[in-house]
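Since every read-out is calculated from the coordinates, none of them should be taken as a lab result. The structure presented is a predicted model; accordingly, all values stated were derived computationally and were not measured. Cβ placement follows ideal geometry from the backbone for every residue including glycine, while neighbour counts extend to all protein chains displayed.
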Amino acid sequence: MREVAIIGIGQTPVGEHWDKGLRELALEALEAAIRDAGVERLDALYIGNMLSGQVEAQEHLGALVADFAGMHGVEAVKVEAACASGAAALRIGYAMVAGGLADFVAVVGVEKMTDASGETITAALATAADAEYEAVHGMTFTALNALLMRRYMHEYGYRREDFAPFSINAHRNAVHNPYAMLRFPITAEAFASARMIADPITLLDASPVCDGAAAVILCPADQARAFQERPVRIRASTVATDTVALHDRRDPLWLEAAALSAYRAFQQAGVRLEDIDFFELHDAFTIMAALSLEASGFAPRGRGVAMALEGAIFRDGRLPIATMGGLKARGHPVGATGIYQVVEAVLQLRGQAGPNQIPHARLGMTQNIGGTGATVITHILEAMD
Amino acid sequence: MHPARAWRGRSQRYRLEGEICEGCGARLFPPRDICPECQRPARTPYPLSGRGEVYSYTVVYEPPAGYEEQVPYIVALIKLEEGPLVSAMLTDVGPEEVYIGMPVEMVTRVLHRQGEHGVIAYGYKFRPILRRAVTIPSPSAPVTA
């Protein structure tokens, strides 16, 4: 197997892009990544996307984006794994280069959500759950996370306000990310009094609906230097699955797939937990951030929230998370999120994260979660030099 | 929902019919054909009692398309007596009355309607277990409405 490097990154601002559709967003990110890498040709293009069929009545994004980008004839396919679609597309691109089937591969995550009404988006997102046994009962994604959060508070004795540090940290970091959607700090008081969406989840626990696209260019690591001064090596790329329905889990508060994919990632990379300098996790809701920290091994069970309360997740903490705003404040254009996480990790590893730079960052981990934890994809990235 | 799709799920939605594993005896709902405990086939139908308790719950204020008329509604995870968790709405109870551990039982209700000409989908919801009415005759006490 060949080692794989990321030699180019690109992203659009995350937000409400009334003036851009799927193809324009995807192209903007792809062109930025191609410019950054300075590559002339691409062997394949993988598109991570979840909702295009439901929101834009447009599937077949592989060919659509390839054609719009002027890449006539290129291999191109859309990859879908709910909110983990972005990282799933990266996994496929990684496998193609690692396995020697392609040398130069572009992976684009793209999502267009703001063309649909709130009810349509809520129903569309619920298709990541079990249609026959969850969604039919009026279950929404926020509701599923609220069920987890309430049970978690019940089992471990936390209050709603205890989850505030996750959102405060994300918003604080988004201020200095020019691509983030919600670039303003929030206070603990604002968190405590935020509008309820699905009790105990409020607006300030939840990531926003938005549009965006992000892209990376991959190539064999031994060719990376010819294109990029500061390439980033993919040390691990792992996928694990769990039951789609939350009610089918023996223990809903344990993200088995996150534990498996993180464990496999540490194995593949040959690194330990303590070696990870920062963690771009899937904070679609504050409870998911806590459960991800626990399942990945960074906090003992029931201590994910305590870890945040202790300040360990801040930029100067033991394990900085959401360093560019996370899903909460950068925004969560669902199928694009996995690539945004990787683009931001690359910025950190290149030393290009501006005021949010984690000093001496060498190893970063990203984790993209589909549904309530049914697909979890972990990548470990390393600065090459 | 297409009528055929609603019809396929009739045993589960109307009778809470799950499966029992011939290998290890695990009772499963929803039916899943392969036992998650022992990975052996589990295709023998098994009706669940419909009694359980609230494992967790929330109130939905921002509904998906098709559920607007029911807002706000309570959705819950119910821990059934036989072991499985099931997702369902709670009915005949207000959000302020629900608590984790509350005993509940299955009832059949309208899950959602698809406009004037669409299918009306029925299925299970859960309500607090009704206690048998006890009347103590007390002729002297005034009856108030």
Separation between Cα centres of the range A:127-196 and the range B:42-66, rounded to whole Å: 23
For the range A:6-20 versus the range A:286-311, the gap between their alpha-carbon centres in whole angstrom: 30
Peptide A:126-138 - average C-beta neighbours from other chains (10 Å radius): 6
Length-normalised contact order of chain B in % [C-alpha pairs under 8 Å, at least 6 apart]: 20
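Considering only the other residues whose Cβ falls under 13 Å of the Cβ of residue A:302, what net charge follows from Lys and Arg at +1 and Asp and Glu at -1?
-1
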Cα Rg, Dmax (largest Cα-Cα span) when computed across the range A:1-96, Å: 13.3, 43
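What whole-number value in cubic angstrom gives the convex hull volume per residue for the C-alpha atoms of the range B:1-50?
Here the figure is 74 Å³ per residue.
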Formal net charge of residues neighbouring residue A:269 (Cβ-Cβ distance under 11 Å; K, R +1; D, E -1): +2
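Find, among the trypsin sites (Lys or Arg not before Pro) in the range A:36-119, those assigned to loop by DSSP (not H, G, I, E, B) with at most 13 other beta-carbon atoms within 10 angstrom. Write down the numbers at each step before the final one.
Values: sites: A:41, A:78, A:91, A:112; in loops: A:41, A:112.
In loop regions of the range A:36-119 (DSSP not H, G, I, E or B), the sparsely surrounded trypsin sites (Lys or Arg not before Pro) are A:41.
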For residues of A:193-201, the mean tally of beta carbons on other chains within 10 Å: 3
In order through the range B:6-23: 3J(HN,Hα) via Karplus (6.51 cos²θ - 1.76 cosθ + 1.60), integer Hz, x for Gly, Pro: 5, 5, 4, x, 4, 5, 6, 6, 9, 10, 6, 7, x, 9, 10, 7, 5, x
For the protein assembly as shown, size of Cβ-based charge dipole, Lys and Arg +1, Asp and Glu -1, in debye: 1000
Prolate/oblate/rounded call for the range A:226-302, Cα gyration tensor, a/c under 1.5 rounded: prolate
Sequence-distant residues sharing a close amide H with residue B:119 (under 5 Å, placed H): B:114
Spherically averaged projected area of the range A:129-192 from its Cα convex hull (nm²): 6.0
Interchain or long-range residues, amide H under 5 Å from residue A:134's placed H: none
Unit charges on C-beta of K, R, D, E only; dipole of chain B, Debye: 460
Local net charge near residue A:211, Cβ-Cβ under 9 Å (Lys/Arg +1, Asp/Glu -1): -1
Cα-Cα P(r), the range A:126-249, percent of pairs per 10 Å interval: 10, 26, 30, 23, 10, 1
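Among DSSP beta bridges lying fully in the protein assembly as shown, give the percent that are antiparallel, nearest 5.
On the way: 72 of 88 bridges.
Just about 80 percent of them are antiparallel.
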For the range B:3-128: Kirkwood Rh in Å [reciprocal of mean 1/r, alpha carbons]: 15.5
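Taking the range A:1-88, which GluC sites (Glu not before Pro) meet the DSSP loop condition and have no more than 12 other C-beta atoms within 10 Å? Could the numbers behind the result be given before it?
On the way: sites: A:3, A:16, A:24, A:28, A:31, A:40, A:56, A:59, A:75, A:80; in loops: A:3, A:16, A:40, A:56, A:59, A:80.
Within the range A:1-88, the qualifying GluC sites (Glu not before Pro) (loop, at most 12 other Cβ atoms within 10 Å) are A:40.
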Debye equation applied to the C-alpha atoms of the range A:57-214, log10 I(q)/I(0) at 0.20 Å⁻¹: -1.33
Reduced Cα scattering model of the range A:280-350, Debye log10 I(q)/I(0), q = 0.11, 0.21, 0.25, 0.27 Å⁻¹: -0.25, -0.89, -1.17, -1.28
Alpha-carbon centroid distance for the pair the range A:314-385 / the range B:100-138, whole angstrom: 46
Convex hull per residue volume in Å³, alpha carbons only, for the range A:261-385: 101
Under-5 Å amide H pairs with residue A:299, H placed in peptide plane, nonlocal only: A:294
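Partner chain Cβ atoms within 10 Å, averaged over the residues of B:49-60 - can you pull that number for me?
So the per-residue partner count for this stretch is 5.
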Alpha carbon convex hull of the protein assembly as shown, volume per residue in cubic angstrom: 175
Cα gyration tensor shape of the range A:69-122, rounded if a/c is under 1.5, else prolate or oblate by comparing a/b with b/c: oblate
